[in-house]
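The block underneath contains the structure these notes are about, expressed in structure tokens.
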Amino acid sequence: MKTLLFPHSFKKIGWTLFPFILIIDIINAIMMHTKLFEQSSGMMHQMYEFLNNRSELFTNIAIIGSIICILLIACSKEEVEDEMITHIRQQALLIALYINSAILIVTSLMFYQLDFLYVMCYNMFTLPLIFMAIYLWKMCQ
């Protein structure tokens, strides 16, 4: 049976890039939602000015990098891919879909207007992240 999964070596690439992209995501979220670095001085202020002038590029790097890393980790074959792993992968995907749908319903009742748009931007990542968490948890059991 033909699978559409990446080779196992892609998982290693995804895990290698993930910490760097996570740091970029955290810095991007802090810069978007707070004025923490705006009042700083020295090197922190220079970094703030550099990133603030290139915020669209920085945001795109954060979003695209996150999606690529998550896909490389979640959609790569295991070293030994058998029917049990395929079954676990399918179960994790269904559970992640149910949880993501529940989160979407609850947030659509709680947030409106621009806040809802922010929630939907973060919701892009919830399905693959929940899938990855459930899959890795079930694989460790």
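Hey, with R₀ at 25 Å, roughly what FRET efficiency would ILE105 and THR3 work out to, going by the Cβ-Cβ distance, to 0.05?
0.20
Taking all protein chains in place and a 1.4 Å probe, what share, in percent, of the accessible surface of the chain do carbon and sulfur account for?
Using a 1.4 Å probe with all protein chains present, the chain comes out at 72 percent carbon and sulfur.
Once the whole set of protein chains is in place, how much accessible area is left on LEU129, using a 1.4 Å probe, in Å² to the nearest 10?
70 Å²
Report ASP82's accessible area, 1.4 Å probe, all protein chains in place, as a number in Å² to the nearest 10.
60 Å²
With every protein chain kept in place and ligands, DNA and RNA left out, what is the accessible area per residue of region 76-133? Probe 1.4 Å, answer in Å².
Ligands and nucleic acids excluded, the figure is 69 Å² per residue.
For the full complex of protein chains and a 1.4 angstrom probe, list GLU83, GLU56 by accessible area with the highest value first. Write down the numbers at each step before the final one.
Details: GLU83 150, GLU56 125 Å².
Listed by decreasing accessible area, they come as GLU83, GLU56.
Over the chain, what is the relative contact order in percent, taking alpha-carbon pairs closer than 8 angstrom and at least six residues apart?
It rounds to 32 percent for the chain.
Give me the dipole magnitude in Debye, nearest 20, for the chain about the Cα centre, with unit charges on the beta carbon: positive for Lys and Arg, negative for Asp and Glu.
On the way: 8 positive and 10 negative charges, 28 e Å.
Once rounded to the nearest 20, the dipole reads 140 debye.
Pop a pseudo-label 7 angstrom from the Cα along the beta-carbon direction at both LEU22 and LEU94 and give the gap in nm to one decimal.
3.0 nm
Could you state the angle between the C-alpha long axis of helix 8-33 and the longest principal axis of the C-alpha atoms of the chain, as a value from 0 to 90 degrees rounded to the nearest 10?
For 8-33 against the chain, the angle is about 30 degrees.
Collect residues whose amide H, placed 1.01 Å from N in the peptide plane, falls under 5 Å from the amide H of PHE6; neighbours closer than 5 in sequence don't count.
SER76, LYS77
Give the accessible area for CYS140 in Å² (nearest 10); use a 1.4 Å probe, count only protein heavy atoms, and leave out ligands, DNA and RNA.
We get 120 Å² for CYS140.
Would you please classify the overall shape of the chain from the alpha carbon gyration tensor, given that a ≥ b ≥ c denote the square roots of the eigenvalues, rounded means a/c under 1.5, and beyond that prolate means a/b larger than b/c while oblate covers the rest?
Judged from the Cα gyration tensor, the chain comes out oblate (a/c at least 1.5, b/c at or above a/b).
For the chain, with the dipole built from +1 on Lys and Arg beta-carbon atoms and -1 on Asp and Glu ones, taken about the Cα centre, which of CYS69, LEU109, ALA29 lies farthest toward the positive end?
Result: CYS69, furthest along the dipole toward the positive end.
What do you reckon, how do HIS87, HIS8 stack up by accessible area (1.4 Å probe), largest on top?
Ranking HIS87, HIS8 by accessible area, largest first, yields HIS87, HIS8.
Ordering LEU94, LEU114 by accessible area with a probe of 1.4 Å, largest first, what comes out?
If we order LEU94, LEU114 from most to least accessible, we get LEU114, LEU94.
Distance from the Cα centre of region 9-28 to that of region 52-116, in angstrom?
Computed from Cα coordinates, the inter-centre distance equals 14 Å.
So what's the angle, to the nearest 10 degrees on a 0 to 90 scale, between helix 55-74 and the longest Cα principal axis of the chain?
Taking Cα atoms only, the helix is inclined about 20 degrees.
Could you tell me the calculated FRET efficiency between LEU117 and ILE13, based on Cβ-Cβ distance and R0 = 25 angstrom, to the nearest 0.05?
0.20
The values are calculated or read from the model by the stated rules, or taken from the named source; none is laboratory data. Keep in mind that what you see is a predicted model, and the values were worked out from it rather than measured. Cβ atoms come from the backbone with ideal geometry, glycine included; neighbour counts cover every protein chain shown. Surface areas here come from the heavy atoms of the whole protein model, side chains and all, with no ligands, DNA or RNA. Shrake-Rupley method; radii C 1.70, N 1.55, O 1.52, S 1.80 Å.
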